[in-house]
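Worksheet: one structure, shown below.
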Amino acid sequence: MKAIVFLSIFSFSAFASDFTKQIWSHNSDHYLFSLHSPSQILVSENCFNDEVTLEQSKCDAIKALNQKHSLTVPASQFSGGKNPGAVACAVGLKMTIRIFTNSKNNENSFCEFNDGSMISAINLQSLLKD
C-alpha cells in the first residue's frame, strides 16, 4: 500500500510542475531531493519547490550556485580523475561531500552546506574557473 501511495505522489508531482522528486540514500538514511527539470539542478527538497523558486530560495546550496563567482582550485586537486563538482565543493567551497545511492543503485555525490541543504556536485562545476 505504501508503494502505491508513494508512486502516486511522485508521479503527480512530475506532471504538476517543473519539479520531480527523487530519494537518495546512505545506509538507512533517506533524503528527498527536487530536480528542477529545465535547469537540471538537483537540490534538497526544502530549497525550492512549487512555492519557492530558484531565485527566491534562501538555502546555502542555492545561494552558492547563484553567486556565480569563480572558484580557483589548483590543477593538482583534479588528479586521478576526481569529480570536478566534488572538488569545487570540498576544496573551493570547503564544504562536505556525501555519496548517496538511489533505488537503482546509481551513485551521486552531493555537496552539503552548513544549513544542511545539499546540491548535486555536478551542479557546482559551473563555479570552477576554466
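Data table
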{"read-out": "Cα shape, the range 61-130, gyration tensor, a/c 1.5 rule", "value": "oblate"}
{"read-out": "Dipole magnitude of the range 65-130, debye to nearest 20 (Cβ charges: Lys/Arg +1, Asp/Glu -1, about Cα centre)", "value": "80"}
{"read-out": "Sites Asn105 and Ser37, calculated FRET efficiency, Cβ-Cβ separation with R0 30 Å, nearest 0.05", "value": "0.85"}
{"read-out": "Inter-probe distance in nm under a simple model that places probes 7 Å from Cα toward Cβ, at Gln67 and Lys129", "value": "1.5"}
{"read-out": "Most to least packed among 21-32, 103-114, 36-47, 72-83 [average Cβ atoms within 10 Å]", "value": "36-47, 103-114, 21-32, 72-83"}
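All of the numbers you see were taken from the coordinates with simple rules; none came from a lab. These numbers come from a predicted model, not from an experiment. Using ideal geometry, Cβ is built from the backbone for each residue, glycine included, and neighbour counts are taken over all protein chains shown.
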